[in-house]
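I have placed the structure first, in the form of structure tokens, so that the comments after it can refer back to it.
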Amino acid sequence: MHLSKPRNGNRLMGESTTNAPDSSDVPMTRRGFVKGTVAVGASVMAESVTAAPSPKEDPIPIIDCHIHLFDGSRPQGAPYVGPGGDSPTTALPADYRKLAVPLGITGAIKVEASPWVEDNLWALQVMQPDDMMLGLVGNLRPEKPDFAELLVRHAKNPLFRGIRYGTLWGYDLPRMVEDDVFLKGMRLMTDLDLSLDVANPSVQLLEAVVKLNQKLPDLRIIIDHLPRLERTLANQTTYEDVLKDLHDRTNVYVKLSGVIHHIAGKIVKDLEVHRPNLDRLIKIFGDDRILFGSDWPNSDRAAPLDEVVGIAKEYFADKPRELQEKYFWKNSLAAYKWKPREDQQER
């Protein structure tokens with residue numbers, strides 16, 4: 001499987017770093033010729049030493065913690081079929097693999113975008129044959145009477161890694177964190193060592209995450225697409241307060257996904273615009289609680305997959321390799337506890 005290559009240093013191969021004199025500065029007498037020859041020889045020897053490449057490091061595997069799969073061509077259709085426009089209405093593992101492998105992506109977590117219970121099984125069935133698919137974040141409702149039965153049944157498949165619940169499809173996490181039945185379902189999630197994804201980010205959703213973590217500190221919670229939540233005059237104070245509260249909540253992770261997004265009605269792809277926000281979120285959540293996710297193919301509305309991956313690579317290019325490894329794959333193991341299905345998915 002093709003993987004991305006680490007960047008070389010700024011100096012080009014063969015570029016001299018010595019101050020040896022240029023032979024053209026030496027008079028062309030016999031003595032000058034000898035001096036010039038010695039100078040050039042010394043320069044070449046210095047180049048061969050100082051320009052020697054460092055031992056090649058292995059490429060860093062990339063685990064994409066947020067993709068969607070669906071098939072709008074099924075007889076029953078699908079409740080979510082992509083962002084529209086030129087984006088296809090069918091997104092299957094083979095479609096993703098074709099785009100992802102050349103970018104160095106070695107595995108992916110699928111987040112279910114359908115509220116239909118039967119689509120959890122459909123997703124597991126289409127993912128099972130492709131070893132690039134590492135896990136499913138399903139869609140089940142903890143407040144429903146059949147939740148425990150459905151959760152236990154699906155969790156028997158090791159690809160099933162948890163559920164997503166937030167403010168999509170009419171779900172209301174801020175209200176449900178006060179609901180005893182919902183909290184009972186969350187305790188079962190903890191007992192089964194599963195995780196909870198939450199979306200889409202708002203200050204109210206983040207406040208609900210804090211409350212849920214206070215009640216169930218052992219439940220792993222993953223906040224999706226937090227870079228999309230922009231500070232405004234209306235939310236700045238409350239947003240900063242809730243971020244400070246999340247700082248020490250070690251079982252709360254964040255996907256630095258949705259980096260390329262709309263700001264003031266325009267899609268912004270310039271990393272320097274997004275850099276301060278990314279810096280701040282890493283400072284809040286720390287090196288061990290940040291994850292990569294593309295949101296493919298929903299991300300097509302903002303940028304193609306290569307640009308989504310590219311801006312993440314560009315941001316982390318000057319960061320220590322250890323931090324790059326944590327963001328691109330190691331932290332996903334802690335958050336989702338997926339099992340490798342191919343050798344190159346972990347190093």
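Observations, loosely collected:
- Take the Cα of VAL268, go 7 Å toward its beta carbon, and the backbone nitrogen atoms of the stretch 195-232 under 14 Å from that spot belong to 227-232.
- In terms of other Cβ atoms within 10 Å, VAL308, VAL242 run from fewest to most in the order VAL242, VAL308.
- Of the peptides 120-129, 232-241, the order by per-residue mean of other Cβ atoms within 10 Å, starting with the highest, comes out as 120-129, 232-241.
- Cα shape, the stretch 62-345, gyration tensor, a/c 1.5 rule: rounded
- Order of HIS262, HIS225 - criterion: other Cβ atoms within 10 Å of each residue's Cβ, fewest first: HIS262, HIS225
- Note on THR238 and THR190: their simple-model spin labels are 2.7 nm apart, each label 7 Å out from Cα toward Cβ.
- Cβ-to-Cβ counts within 10 Å put ASP71, ASP197 in ascending order as ASP71, ASP197, the fewest first.
- Distant-in-sequence amide H partners of LYS337 (H built 1.01 Å from N, under 5 Å): none
- For the residue pairs LYS255/LYS313; LYS283/LYS326; LYS269/LYS313; LYS56/LYS269; LYS110/LYS337; LYS98/LYS156, the alpha carbons lie more than 20 Å apart in LYS56/LYS269; LYS98/LYS156.
- Where labels lie 7 Å past Cα in the beta-carbon direction, separation of LYS339 and VAL117 in nm: 2.6
Read-outs: derived from the displayed coordinates by stated rules, not from any lab. Keep in mind that this is a model prediction, so the values were computed, not measured. Please note: Cβ atoms are built from the backbone with ideal geometry, for glycine as well, and neighbour counts cover all protein chains shown.
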